[in-house]
1. Can you work out which of the residues in segment 2-28 that are among the hydrophobic types (A, V, I, L, M, F, W, C) and surrounded by fewer than 16 Cβ atoms within 10 Å (Cβ to Cβ) is modelled with the highest pLDDT?
2. Filter segment 98-130 down to the residues that are within 22 Å of ARG216 (Cβ to Cβ) and among the charged types (D, E, K, R) and list them by number.
3. Search segment 172-211 for residues being among the hydroxyl-bearing types (Ser, Thr, Tyr) and part of a helix (DSSP H, G or I), and hand back the single one that is nearest to LEU108 (Cα to Cα).
4. For residues in segment 112-163 being over 14 Å from the mean Cα position of the chain (by Cα), among the small types (Gly, Ala, Ser) and not in a loop (DSSP other than H, G, I, E, B), which is modelled with the lowest pLDDT?
5. For segment 181-206, name all the residues that are over 19 Å from THR118 (Cβ atoms), surrounded by fewer than 17 Cβ atoms within 10 Å (Cβ to Cβ) and of a type in the set (Gly, Ala, Ser).
6. Only residues that are part of a strand (DSSP E or B) and either touching a helix residue (DSSP H, G or I) at 6+ places or on another chain (Cβ under 9 Å) or within 23 Å of THR73 (Cα to Cα) (or both): list them for segment 25-49, please.
7. Hey, can you tell me all the residues within segment 194-209 that are touching a residue at least 24 places away in the same chain (Cβ under 8 Å) and within 18 Å of CYS163 (Cβ to Cβ)?
Amino acid sequence: MASPTETAQLLTPDALISLFRLDTSVYGGPVLYFCQSNEVSAPIEFGGAPYQPADVEFKGMETTGTGTVPRPTVRVSNTNGAIQTIVNQYGDLLNCEFRRVRTFAKHLDGGEDPSPTTYFGPDIFKVERKTEENPLYIEWELSSSIDQEGTTLPGRRVIRDTCLWRYRVWNPDTGDFDYSRAQCPYAGGSSYDKSGNSVTSDKDQCGRRLTDCELRFGANAALPFGGFPGAARAR
């Protein structure tokens, strides 16, 4: 399977699709998935998550030679009132996580070569401030997850042998997996328990080891392991 970089270098690469995820759960709200309506005219899925077309303008990702961390802005159409409802209920959404990944159309669920692990990114930001709100659109300024006042590095604990990403959860009411809070991109049909044994979907649990990642994605794949296997104790 070609990497997204290899696909981009083809003479006739596939259409590149931007996928956005706005997580308002810090305020008890929903996780919103949307894509740019000028790229996709109908709802799509990627990694089992549904993305709704919306008028979205995302700009300011350019980097400069000064080393300044980009502070992009995202402008979302407010004409149907959907995003206005979220803002009215949960406020300006400050510190909510905004995430962007980009993948080629053929890698979407149902595409020619569906692959939920083949994408550019993720680009992860926090909502820094709401810069404009009117009947046409709402605009936010974003900041990098490391461009926060008082932030220290590393941003999370360096744990060598344990993946810290949230894994998918089986929902017995729907008879399917719930990916709304998942950080791990695995959306395959094979299920395993914490010991790596093959099980039915309702018993699917990740043991959070590097071997569990290899079991699901393949030993030769680019693994999205959420630990730091190269870390060692300082002497």
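1. If we take residues in segment 2-28 being among the hydrophobic types (A, V, I, L, M, F, W, C) and surrounded by fewer than 16 Cβ atoms within 10 Å (Cβ to Cβ), then LEU16 is modelled with the highest pLDDT.
2. ARG99, LYS106, ASP109, ASP113
3. Taking the candidates together, the pick is SER201.
4. SER144
5. Selection gives SER195, GLY196, SER198, SER201.
6. Hits for segment 25-49 are VAL31, LEU32, TYR33, PHE34, CYS35, GLN36, ILE44, PHE46.
7. Hits for segment 194-209 are ASP204, GLN205, CYS206, ARG208, ARG209.
Residues checked against (1) open to solvent by 30 Å² or more (accessible area, probe 1.4 Å); (2) free of Cβ contacts under 8 Å to residues at least 24 places away in the same chain:
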site	(1), (2)
PRO30	yes, no
TYR33	yes, yes
GLU39	yes, no
MET61	yes, no
VAL74	no, no
ILE86	no, no
TYR90	yes, no
CYS96	no, no
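The values are calculated or read from the model by the stated rules, or taken from the named source; none is laboratory data. Because the structure is a prediction, the values reported are computed rather than measured. Quick reminder, even Gly has a Cβ in these numbers, built from the backbone with ideal geometry, and neighbours come from all protein chains shown. Accessible surface is based on the protein model in full, side chains and every heavy atom, while ligands, DNA and RNA are left aside. Shrake-Rupley method; radii C 1.70, N 1.55, O 1.52, S 1.80 Å.
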